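The values are calculated or read from the model by the stated rules, or taken from the named source; none is laboratory data. All values derive from a computational prediction rather than experimental measurement. All Cβ positions, glycine included, derive from the backbone under ideal geometry; neighbour counts span all protein chains shown.
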Amino acid sequence: MLDQLGLAEQLAQQCFACRQTVNYDRNGKEVPGRGWSFMEEMKDTKWDFALVLRQKYQEDIFRQALRRHGIQLDAPYTLTSFELIDAVALGGFRILATIEHRDTKAKSVVKCRYLVGADGGKSFVRRAMKIPFDGSSTEDKWVRIDGVVETDMPKPRSYAAIESPTHGNVLWADPNEVLGLVMKEAATFSSGLGIYYEPDTCLTFSQSSGLSSIQAGQRAPDVPLQKPATFEATRLQTETPNHATFYIVVFAGEVAQTKPSLTAFTKAISGAKWLFDSKLPVQWLSVLAGPGGPSTFETLEGMPFGRVFYDEDHSAHNRYDIDLKKGTVFVFRPDGWVGTLVEMDESAVGKLKKYFSRFLVGLESLHKAKL
Ligand SMILES: Cc1cc2nc3c(=O)[nH]c(=O)nc-3n(C[C@H](O)[C@H](O)[C@H](O)COP(=O)(O)OP(=O)(O)OC[C@H]3O[C@@H](n4cnc5c(N)ncnc54)[C@H](O)[C@@H]3O)c2cc1C
């Protein structure tokens, strides 16, 4: 997600990229498969490591990025109270929030439309709004040490866990072996790559089956691609940044074999001018199976959809489990998750319209279409 938001590169410049883990049992003996070992199972991403960087440096990077977008973050302020003005309609400035500067204790009142409670486990907003807390609390006390440590521990540049003689590894509790396995199985969840959305009626829903092993609601896997003409290497994630834009990605298969369906698709789509309106938050990408040639136009015998990339060794089509003789059209949501996927044929236009008309209004009339 940070990569698609254009933040990962800067973090990578400053971080310690940790790829190794180590676990010591209560006797100081190294034991594999426990503790953080599941982190070594983070696959299917270029970012297959723990990016270690002190929080204050990360915050600097995020603040600079916010500033570039004209957003100023005021800190350190504490929200101490707020008032809801019922007379103001939803969407209006109906919240009066009182904030206090941590050092000067100066108070100010901010008028706002929405109050987003992103204030942690002991959230003031949650308690003030009487929102119930799902989950359990612990009486355990935690100690966090942030400093430069001198150590003679072997493998000091690894992500290390040391089990206590009396409590084992308190982060995961006993029995360590079983939990090591559980964490390993949950590795895709812990890394975020395996998190998926259930189908809904608006943004994430299936319209076809048997086209791909990647379904609506799953994260679109990152795959290597080749640029036309220069044949430089790139990645699908790099070419689909999160600019609040949806991407229609046409995995065209082997063009020599998919020509009839690609032609049917092209013909049907050319009648739906709204799909190419530059004012809409929709962009097109075509991924052709096989290495790039001198001219995409010649390969396709026509103009391509949006920007074209080549899947030189078929690894992209294989990862998505797409039939090279059929191709498939994906819609990626701005956050990089799959919104829907449809056949690459004349039926696609109706299905794409069905998808986008759930949240875009005025589709048939270009100058009126909006989110
Ligand atoms: C020691 C430790 C190690 C961890 N290690 C990992 C790990 O390796 N991997 C992992 O995935 N997770 C880890 N976690 C968990 C992870 O840090 C949290 O789940 C995550 O930070 C929660 O994010 P959040 O945005 O909900 O809240 P937080 O990160 O807690 O952010 C809440 C923010 O709101 C601010 N705030 C609170 N009250 C107010 C108020 N009234 N007004 C204004 N601001 C307020 C706080 O100052 C804070 O800046 C760890 C947690 C701890 C404590």
### Task
Go through the stretch 34-72 and count every residue that is touching a strand residue (DSSP E or B) at 6+ places or on another chain (Cβ under 8 Å) and outside any helix (DSSP H, G or I).
7
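Each row is one residue, and each column tells you yes or no for (1) in contact with a Leu (Cβ under 7 Å, 6 or more places away or on another chain); (2) modelled with pLDDT of 95 or more; (3) farther than 30 Å from PHE231 by Cβ.
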site	(1), (2), (3)
GLU301	no, no, no
ASP313	no, yes, no
ALA316	yes, yes, no
PHE332	no, yes, no
VAL338	no, yes, no
MET344	yes, yes, no
### Filtered residue count, the stretch 195-209, keeping only those that are surrounded by fewer than 14 Cβ atoms within 10 Å (Cβ to Cβ) and small (Gly, Ala, Ser)
1
### Task
Determine, yes or no, whether SER270 is surrounded by 14 or more Cβ atoms within 10 Å (Cβ to Cβ), without any contact (Cβ under 8 Å) to a residue 12 or more places away in the chain and either out of contact with any strand residue (DSSP E or B) (no Cβ under 9 Å at 6 or more places or on another chain) or closer than 27 Å to GLU232 by Cβ (or both).
no
### Query
Where residues in the stretch 67-88 are within 15 Å of the ligand (Cβ to nearest atom) and among the aliphatic types (A, V, I, L, M), which of them is nearest to LYS111 (Cα to Cα)?
LEU79
### Query
When you look at SER123, is it within 31 Å of the chain's Cα centre (by Cα), among the polar types (S, T, N, Q) and not assigned by TED's automatic domain parsing to the domain that holds ARG19, yes or no?
yes
### Summary
Checked the stretch 90-113 for anything away from the ligand (no atom under 11 Å from the Cβ), modelled with pLDDT of 95 or more and part of a loop (DSSP other than H, G, I, E, B); matches are GLY92, PHE93, ARG94, ASP103, THR104, LYS105, ALA106, ARG113
### Query
Does the stretch 16-46 hold any residues that are within 23 Å of VAL148 (Cα to Cα) and among the hydroxyl-bearing types (Ser, Thr, Tyr), and which are they?
THR21, TYR24
### Message
Take PRO294 and tell me if it is in contact with a helix residue (DSSP H, G or I) (Cβ under 6 Å, 6 or more places away or on another chain) and not in a helix (DSSP H, G or I).
### Response
no
### Query
Cβ-Cβ below 9 Å, separation at least six or inter-chain, first residue in the stretch 107-136 and more than 21 Å from ALA75 (Cα to Cα), second among the β-branched types (Val, Ile, Thr) and within 13 Å of the ligand (Cβ to nearest atom): which pairs?
ILE131/VAL125
### Matching residues in the stretch 119-155 - criterion: being more than 11 Å from the ligand (Cβ to nearest atom), surrounded by 11 or more Cβ atoms within 10 Å (Cβ to Cβ) and within 30 Å of ILE99 (Cβ to Cβ)
MET129, ILE131, PHE133
### Message
Looking at the stretch 1-45 only, could you name the residues that are hydroxyl-bearing (Ser, Thr, Tyr) and surrounded by 18 or more Cβ atoms within 10 Å (Cβ to Cβ)?
### Response
THR21, TYR24, SER37
